[in-house]
Structure formats: C-alpha cells, structure tokens
Amino acid sequence: MRWAGMTRSLMLSKDWVDYAIKLQTESGDGEGDPAAEILNEIVNTPFQLGSQGSVSFVSVNYGYSTFQVFEADLELNEFGEAGVPDFRIRANFYSGTMLSLAAKIPSMDWLSLGISFKYLGINEIDTRVPLANKEKMAEIVADYQSKFQGNTTEALNFGLGYDAGLLTFFQGKHVDFSAAAKVDDVGNTQLAGNFEPKQIKQTVHGGLGLTLHGTTSALHFSLDVRDLQQAYGEPEFKRVHAGTKLTLFNYIGLSTGISHGYPTYGAEIDFLLFRLTGTYYTKEMGNNPNVNPRRIYMATLSFGTDF
C-alpha cells in the first residue's frame, strides 16, 4: 500500500495576489482613484487561475484515480492580431479516470514495467475577443454559452488511451538511485466530439532520481526531460525540469528546482491524515524565457494516508 486519499489544489497569479494584499493595506488612505488603479492593473497584468483535484488509491502493483483539472488565462492586449485591442482567453478542461498496473520482472527485482488505461474528457480553448467589435464579441460569447449550457460533459471530447513505462530502482542503506522512461498516449489517443483537440499526441519522457537518506530524513534530487521526440514542438527550456527536496523527520519538506527556465520553491507539512503544501512557480506562455511569464502561487490540501 502506498496512498489512499484525495487531493485538491488551487492556483492563482502571484501578481494578482500581491495586488489584492496591496489594496487591503492601502485601503482608507484616501489617495488616488481606486477604480482607475484597478482598471490599469487589469490592462497591464494578465490573470491566471486554476484548480485540480483527484481521488486515488495506489499500491505497489496497481492504482486507481479519478481527476479533474481546470486552467484559465486571461490577457488584455493593447494591439491584438488585427492591430486593435482584444481580450485573449485560454482555458483547458480535463477530467478522467485511470487504472494502472505494474509488476517487477522475475529475477530482476530492480526493474518494473507498468501500463495505465485511461478514459479522458478534454476541451482546450484559445480565442481572441475584439473589444471594438461588439457584434463579434457577442457572437463568441453566445457560441461558448451554447457549448457549455446545461451539461459540461457535452462540451468535452472523450477518448480511451493508455500509457506505458519502465522503472529501474536500486536501493542501498543510505543511497537510492532510479531511472525511468514513460510513453504517454501510445499511438496517439483519439478523441471524439465537436471541440478541440481531436487527439493527444504520443510523447516520450525520461527521468533520473537520486536520494540520500537516513532513517527519518532524506535529500532527493531529480531530473526529467519531457517530450523527447518534440511531438508538440516546445522549446527545450519548457521540457527540462530539475529539483531537489529535503525531507525532515517524515513530516516537513522543503524544495527548490527549475521549471520553464525559472526557479521554483515549495514547502509542505504532513499531519499524518492531511498534508498542506505551498508552491511558487513560473509558467512561460511565450516560446522564449522572459517573454510572457505567469508567476503562480499554488496551495494544495491532501486528505488520506500513505502506508
């Protein structure tokens, strides 16, 4: 037995959290025009929010999970694609259920193979609303209202797919080493429905892990490279991730790393039946570092137990 429980995360733009705190601390000073300041903040600061949740059960040989993910990014552009102000809306909806099976290779206890079967519902939105064209704006809004009206499951594309992977794990008295390879959406996962995307491309990932540990504390190092075949054509700085985590007495965790070319930080505390985690990371929306970043706070609450 490894884990049984539920997890819920909330993500929110750091810039907007900081601005909300600033409004609270400066309220009542009587200086400036609050409405004008808020409007200026909306114009100049993109907004991103999201949530994700899962209920899962994991053991050495099998696991089950059901999950939902929502992400939205709102950005006002002074000069849009047509040279006039527009409002860009990017949103992703994911839901699904997954069953995973894994087994060690006979006479090779250090090597495990696994496969996951999954049923997914997905909708990815990326649209621009021209602020000057009221008719076009009303048309876009009405279109999405009709898509999502009544039942959100009708606004998702659904499909069956599977992943496969292998893990090598060498455990020592004070040093552990692991290496893994994983293929997501083997042969491309085809999706049926009236929305985007119509398929999820096959992607190959690889990773390395090293742990230095005592009886109750450990220092973990990890490196992983995603989409090795560049099926989605993302630049290298978005595909390489690295991190380290210090675990103290099995109850406290402190971590730092690199994601999308930016530093990440995290901390967690484990109260046995529930766990609190705080994370700060940056997501780059452009194709180069420091082009269009989103600095994000993520708070996670987990209820359950690891055995």
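Give me the net charge for the shell around A164: Cβ to Cβ below 13 angstrom, other residues only, Lys and Arg +1, Asp and Glu -1. Numbers along the way, then the final one.
Numbers: positive: K118, K182; negative: D163, D184, D185.
Surrounding charge for A164 is -1.
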Residues M298, M285 in order from fewest to most other beta-carbon atoms within 10 Å are M285, M298
Relative to the longest principal axis of the chain, what angle (0 to 90°, nearest 10) does the C-alpha long axis of helix 34-44 take?
60 degrees
Could I have the simple spin-label model distance between L160 and R295, label points 7 Å from Cα toward Cβ, reported in nm to one decimal?
4.7 nm
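All other residues with a Cβ under 9 Å from the Cβ of L254 taken together, and with Lys, Arg as +1 and Asp, Glu as -1, what is their net charge?
Values: positive: K245; negative: E268.
Result for the neighbourhood of L254: 0.
For Y265, what is the net charge nearby, where nearby means another residue's Cβ is under 14 Å from its Cβ and Lys, Arg count +1, Asp, Glu -1?
+2
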Is there a quick way to get the dipole size of region 3-305? I mean about its Cα centre, with the Cβ of Lys and Arg at +1 and of Asp and Glu at -1; what is the value in debye to the nearest 20?
1160 debye
Computed label-point distance, nm, for sites A138 and F303 using a 7 Å Cα→Cβ extension
4.6 nm
Do any of K182/K245; K182/K238; K104/K182; K134/K198; K134/K283 go past 20 Å between their Cα atoms, and which?
K182/K245; K134/K198; K134/K283
Highest average packing first - 18-24, 236-242, 70-76, Cβ atoms within 10 Å:
70-76, 236-242, 18-24
Treating the angle as unsigned and between 0 and 90°, give the value, to the nearest 10°, between the Cα long axis of helix 134-148 and the longest Cα principal axis of the chain.
30 degrees
Output the 0 to 90 degree angle, nearest 10, between the alpha-carbon long axis of helix 14-26 and the longest principal axis computed from the alpha carbons of the chain.
60 degrees
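Readers should treat all values here as calculations from the given coordinates under stated rules, not as data from a laboratory. Since this is a predicted model, take the numbers as computed values, not measurements. Glycine also receives a Cβ, built like all others from the backbone with ideal geometry; neighbour counts cover every protein chain displayed.
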